[in-house]
Structure formats: structure tokens, C-alpha cells
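Right, one structure below, let's go through it.
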Amino acid sequence: MYRVLDEVSLLRASLNGEVEAWGEMVCRYKQAVFGLCLGFLRNRADAEDITHDAFIRAYENLRRYRLERKFSTWLFTIAANLCRNRLRYRRYHPVFEPPDAAEGGVDPAAAVAREDRQLRVKKALDRLPPGYRMPLVLRYYNDLSYRDIAETLSLPEGTIKTRIHRGKLILKEEMERDGVIHHERG
């Protein structure tokens, strides 16, 4: 029923207590919020917790949301702030992260090669300082505009453009060093 409604209508219905409308908003954004949280936290369990908490926090504060603002940016800002809080907490309370279970595939050799490459890219990305990693994650995993990233991270848009450019250069160097990509000499 709600899939055809625009976001503003869904948000207005949510403000009027229509739980199904809020459920539709959660369905529309849960993967993007989870991807953002996973990029920040690099831990699946924490990312799932913070994703859940972000939607609760957004619902509790929905009356403060201004309908003229882009909802995704507002929601991502909430999630990013919760992630920052979790990272601060983690600094003093380290956690153990078990390896993810391998997923089956049609061609086991191709699946292993793909997983290996993805893991190596992820490791290179994880080594980037958060100031470079988060803009890259928001841009390339969450497909946010520079303006939305700037608003989400509370930084000027020019800073975001610079960090994405420098982050890509650093990431390329890391991936060359790891043998994920090979430097072509001209």
C-alpha cells in the first residue's frame, strides 16, 4: 500500500502514528544505513546494532525533522553520529570480531577469488584514516552527493571533495602495495 507514496507523504503518515508508513521508510533505507555503519565500524554486529538504533532515534525525533530537508541526509547524519559514539566507546572497550562465514557460490574458484579481492580492497580501505575513509564510503558505497556527504559529516563541501580525491590516491597506493592492482608504467 505504501510503496507508491512519496517520502514526504510517508513521513507525514509516520508523524500521525501510522506504523506501516514508518516501516516502509525503514525498508527503503535500511541497507544504505547498514552500509554506512559497516563502513564506519567495520564490524557487522555493531553495524546492525547502530542501524537499528539510528531508526529508533530517527523515529523518536521525527517531529524535529524538517520536511524540506532531504530525509536520507538527516538519517545518515543520525547514523554517523551514533557510529562516532560507538568508535569512541570502542577505543576504551576493545571487541573481538570473528571472521565472516564464507558464502557458497556457483563457481567456487571465482567466488574465492572475488572474496579475496574484496577482502584485500576492504583491508586497504580500513587502513585509511577515518577522515578519508568515510567520505569514500559515503560516496561509493552509499552513492551520496558531495553536498550530502558534507552535511552528514558536518564538513565544508570543498573539504569533502579534497578528502575523496586524496583518499582515492592513498587507497590506490595501498592497493598497489598489496598487489590488488598493478601500477602501469607509461
Point to revise | residue 23 touching a helix residue (DSSP H, G or I) at 6+ places or on another chain (Cβ under 9 Å) and modelled with pLDDT of 90 or more | key: yes
Pairing a residue in the range 125-141 that is not assigned by TED's automatic domain parsing to the domain that holds residue 37 with any residue that is outside any loop (DSSP other than H, G, I, E, B) and surrounded by fewer than 14 Cβ atoms within 10 Å (Cβ to Cβ), where Cβ atoms lie under 9 Å and the two sit 6 or more apart in sequence or on different chains, gives 133/126
Would you check if residue 62 is closer than 20 Å to residue 14 by Cα, aliphatic (A, V, I, L, M) and in contact with a Ser or Thr (Cβ under 7 Å, 6 or more places away or on another chain)? yes
Report task. For the range 9-27, state whether one or more residues are free of Cβ contacts under 8 Å to residues at least 12 places away in the same chain, assigned to a helix (DSSP H, G or I) and closer than 29 Å to residue 135 by Cβ. Result -> yes
Restricting the range 115-151 to residues that are among the polar types (S, T, N, Q) and farther than 18 Å from residue 172 by Cβ, the one surrounded by the most Cβ atoms within 10 Å (Cβ to Cβ) turns out to be 142
Among the residues of the range 36-54, the number that are surrounded by fewer than 19 Cβ atoms within 10 Å (Cβ to Cβ) and part of a helix (DSSP H, G or I) is 6
Filtering helices (runs of 4 or more DSSP H) wholly in the range 81-176 for at least 3 residues that are modelled with pLDDT of 75 or more and more than 15 Å from the chain's Cα centre (by Cα) gives 108-126
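The values are calculated or read from the model by the stated rules, or taken from the named source; none is laboratory data. What you are looking at is a predicted structure, and each value in this text was computed from that prediction instead of being measured. No Cβ is skipped: glycine too gets one built from the backbone with ideal geometry, and neighbour counts run over all protein chains shown.
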